[in-house]
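Just so it is clear, none of the values below were taken in a lab; they were calculated from the coordinates. All values reported here derive from a predicted model rather than from experimental measurement. Please note: Cβ atoms are built from the backbone with ideal geometry, for glycine as well, and neighbour counts cover all protein chains shown.
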Amino acid sequence: MLKIKNNTKININEIPILQIKDFREEIISLNFRPIGFFGKSSENDSVRLFAVLADDKAGDIYISSTKFSADEKSYECLTKEIPAFHIFEREFYEQFGVEPLNHPWLKPVRINQDKYEFFEMTGEEVHQVAVGPIHAGVIEPGHFRFMCNGETVYHLEIMLGYQHRGIEELMLISPSNQLAESICGDSVIAYNTAYSQIMEILQDVTISDRAQLIRKAALEMERMAIHIGDLGAIAGDIAYLMGASVFGATRTLVINTMLEFCGSRFGRGLICTGGVNYDFTEEKLNQALKTFEKVIKDVERMVNTMLKSSTVMSRLEKTGTISMERAKEAGLVGMAARAAGVELDSRFDFPDKWMSELKIEKKKFKATGDVNARFKLRYKEILQSYSMIKKIFAKLQECKNQDLFTSASNNLSQNSLAISIVEGWRGEVVHIAMTDGNGNLSRYKIKDPSFNNWYGLALAVRNNGVSDFPLCNKSFNLSYSGNDL
Amino acid sequence: MLDTLKSRIFQGKQYIKDIRNASIKEEFRGFPVIKEGECDSSICPTGALKTNPLSIDMGKCTFCGVCERACENIKLSNGFKLSSTDRNKLIITSESDYETYTKSAIEIKESIVKTFGHSLKLRQVSAAGCNGCEMELNACSNVNFDMGRFGIDFVASPRHADGIVITGPLSENMTFALENCYNAVPNPKIVILCGACAISGGIFQNSETLNREFLEKYPVDLYIPGCPVHPLTFINGILSYIH
């Protein structure tokens, strides 16, 4: 397999094309985490299958490929050896029709929801609860089916795809920053950063330090805002309305600060290929720091009040637990994985130059894998983001006179593959783009952290009360649109 | 207990007192102010920008600001009362101005005011929305915007609703559920399209996985532009419509 780094490109012709047998063996023997496993149509109706694996300890990415001719329609699945491949193989089968043989559960990912027969348990005491695609609240659509024994959930099946908008195809016809921002509207900065980095790599542009730092600050502001909102949502789901109100109001302060920076509460329009559109002026930075100081005080006070309350703790503790082994096996990523003790954080695993320059270090977290852990981890990450923002803002004052925007030709390098991983608040957002011989995009692959983590939610609710499902769901707060694309 | 009280006292009053006359910071990109002149319309990612005469269709616009940065004839002001009952009125030219727009864009019907003026319960349907509009609609009910004080609420069941609010470009996969939900709402009912995606398909208008037939079958009562729709835009749009 070919070894590369994050935020780099390679010539597609350098990527080895292995026999499927060797391809499988190599993936299994390396045993790294899959972050990309996708097909691309090739000449004579053949399909080239790419595998992108992450060695998180070394900060390396491995890439290889194999080819299926038009009449080769199956291969021996990888899921049985490495379960984390389960969702990737389902997606590949759905998109290209090459069947992974002996896959334990080859159900649809994004299409044909109505044709799928749900897993069913039978027995006198078993009953089903079906919810969705339209849910009770103002949220995105998805269908959940619970197999219950009385109040207890045996098994939850999740069916998604209702949000499918054909993003990967649109990215080839009309790629734009605006489209990247609308893939997953709660992770605008993460998605637009990943997309812009991909385009900059393919255009051979290096953006200024100032633009890099503004993007980085915005990413942490996004993390802070959503995490605070989620603390409020968790509080709301256990009917602790004081928490819902206070966190709701403090989140408003953070996103309104974002609006003052760039005109949008979620940071739309801030980032563009080549840099950023709006400056973080000194006056605005100082104002923002004052606001954040108040935000952090409010959050600290409320979190500590909540954690001291026994009625709160009885709802959070040991609810929706997922063990570290299970989280690893299912291939969970990001915050949900960290709350279960799997230390994955691409900010630290694939660091940019700022992480060492600003002396930002990984914080230890006592992971218990339950809702309580996901609640507390959010709180810790809010504090960490705040300390990062202070450092980034200070650094921004040092590189005052740099350009916000670096222009480049719109020509993309030919026959290239570029990869960019950005740690959004949910976890790693992976963008991979390929170009053809004319420098046009020929494949654009996106992986949201939710793509890995939805199955984690299904595992977490087993043997919990069905009434605790909303709480478990909020504690993960996964994306439908990022998954459905 | 004491801590809870302390938090409560520390928070004070959070709600925006006068929603109708609230203002948004100048940086906000809202109502377009246009001077007749040249502009390269190909820079617009959604085709909202047209020339001869120069116009911006707020039903398509994502308010990304590309045009105002590239062209001196366009400025996106912080005017946030963007809603209209007429799709065509969303197209803004050099002849439009914010004050006239806010006074004339929403046609007030007596029957609507009489039926929904004091209480309007809405069922929101996300038909492939990116979660941007959904987050802002949730924010409408938080302690800052507190939409509930006007008798406007989101409800869980379409049976309890007076209308539906649609976000997202209407994906093929949501066609069945959306129509089902609409049919479950008792008459009289209204349909509100919220955000550029719902109104025109927005940035996704060229996608092959959409199915927007619903909008041909059923009448739309209110268009609320934005990407995403700001809570003040939403609440003021509804208030003007039902009062």
(Q) Let's test the formula: R0 of 30 Å, r as the Cβ-Cβ distance of A:ALA130 and B:LYS13. What FRET efficiency results, to the nearest 0.05? (A) 0.10
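Kirkwood hydrodynamic radius (Cα pairs, Å) of segment A:301-340?
11.7 Å
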Q. Which value in deg cm²/dmol, rounded to the nearest 500, describes the helix-derived mean residue ellipticity at 222 nm for the protein assembly as shown, given -39,500 (n - 2.57) per DSSP H run of n ≥ 4 and division by the residue count?
A. -11500 deg cm²/dmol
Q. Hey, with R₀ at 56 Å, roughly what FRET efficiency would A:SER69 and A:ASN149 work out to, going by the Cβ-Cβ distance, to 0.05?
A. 0.70
Q: Treating each Cα of chain A as an identical point scatterer and ignoring solvent, apply the Debye formula and state log10 I(q)/I(0) at q = 0.05, 0.06, 0.07 Å⁻¹.
A: -0.18, -0.26, -0.36
Q.
Once you keep just the Cα pairs under 8 angstrom separated by 6 or more residues, what percentage relative contact order results for segment B:110-242?
A. 30 percent
Q | Using θ = phi - 60° and Karplus 6.51 cos²θ - 1.76 cosθ + 1.60, couplings along segment A:36-42 (whole Hz; Gly, Pro as x) | A | x, 7, 8, x, 8, 5, 10
Q | Amide H partners (placed H, <5 Å) of B:LEU210, local residues excluded | A | B:GLU172
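Taking R0 as 56 Å, what FRET efficiency do you get between A:MET324 and B:ASN88 from their Cβ-Cβ distance, rounded to the nearest 0.05?
On the way: r = 58 Å, r/R0 = 1.04.
Efficiency at R0 = 56 Å is approximately 0.45.
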Q. Rg (Å, one decimal) plus Dmax (Å, integer) for the alpha carbons of segment A:174-239?
A. 15.1, 52
Q) Which helices pass in chain A if a helix is a full DSSP H run, must span at least 27 angstrom along its long axis by Cα, and must have mean Kyte-Doolittle hydropathy not below 1.0? A) A:241-262
**Q.** ³J(HN,Hα) computed for each position of segment A:436-441 - Karplus, 6.51 cos²θ - 1.76 cosθ + 1.60, integer Hz, glycine/proline x
**A.** 9, x, 9, x, 9, 5
**Q.** Positive dipole terminus of the protein assembly as shown, leading residue within A:LEU241, A:ALA460, B:ALA196 (C-beta point charges)
**A.** A:LEU241
(Q) Which trypsin sites (Lys or Arg not before Pro) in segment B:99-156 sit in a loop by DSSP (not H, G, I, E or B) and have at most 16 other Cβ atoms within 10 Å of their own Cβ? (A) B:LYS109
Q) Could you state the per residue volume, in Å³, of the convex hull enclosing the Cα atoms of chain B? A) 143 Å³
Q: Work out which GluC sites (Glu not before Pro) in chain A are exposed loop sites (DSSP not H, G, I, E or B, at most 16 other Cβ within 10 Å) and give the longest gap free of them.
A: A:152-316
Q.
Using a 7 Å offset from the Cα along the Cα-to-Cβ direction at both A:GLU283 and A:ASN44, what is the distance between the two label points in nm, to one decimal?
A. 6.7 nm
Q) Label points 7 Å out from Cα along the Cβ direction at B:LYS109 and A:ASP436: separation in nm? A) 5.0 nm
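Where both partners of a DSSP beta bridge lie in segment B:110-242, what percent of those bridges are antiparallel, to the nearest 5?
Values: 1 of 17 bridges.
Antiparallel bridges: around 5 percent, rounded to the nearest 5.
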Q | Sparse-neighbour loop sites [chymotrypsin sites (Phe, Trp or Tyr not before Pro); segment A:53-109; at most 12 other C-beta within 10 Å; DSSP] | A | A:TRP105
Q | GNM top mover of B:CYS64, B:CYS197, B:CYS227 - chain B, alpha-carbon springs below 10 Å | A | B:CYS64
Q: Could you list A:LEU307, A:LEU377, A:LEU219, A:LEU253 in order of exposure, starting from the residue whose Cβ has the fewest other Cβ atoms within 10 Å?
A: A:LEU307, A:LEU253, A:LEU377, A:LEU219
Q) log₁₀ I(q)/I(0) of segment B:61-161 at q = 0.10, 0.16, 0.25 Å⁻¹, via Debye over equal Cα point scatterers, no solvent, to two decimals? A) -0.41, -1.01, -1.37
Q: For segment B:197-207, take each phi angle, set θ = phi - 60°, evaluate the Karplus expression 6.51 cos²θ - 1.76 cosθ + 1.60, and give the result in whole Hz per residue in order, putting x for glycine and proline.
A: 4, 5, 5, 9, x, x, 5, 9, 4, 8, 6
Q: Springs between alpha-carbon atoms under 10 Å, Gaussian network over chain B: tell me which of B:PHE145, B:PHE31, B:PHE80 tops the mean-square fluctuations.
A: B:PHE145
Q: For the pairs A:LYS353/A:LYS380; A:LYS80/A:LYS318; B:LYS17/B:LYS81, note any where the Cα-Cα span goes beyond 21 Å.
A: A:LYS353/A:LYS380; A:LYS80/A:LYS318
Q: Within segment A:277-385, list the trypsin sites (Lys or Arg not before Pro) lying in a DSSP loop whose Cβ has at most 14 other Cβ atoms in a 10 Å radius.
A: A:LYS318, A:LYS359, A:LYS362, A:LYS363, A:LYS364, A:LYS366
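In the protein assembly as shown, what % of DSSP beta bridges are antiparallel (nearest 5)? If you can, show how the numbers build up before the last one.
Numbers: 64 of 85 bridges.
If I count the DSSP bridges inside the protein assembly as shown, around 75 percent turn out antiparallel.
What per residue convex hull volume, in Å³, do the alpha-carbon atoms of segment B:110-242 yield?
Numbers: hull volume 12.5 nm³, N = 133.
Cα-based convex hull of segment B:110-242, divided per residue, equals 94 Å³.
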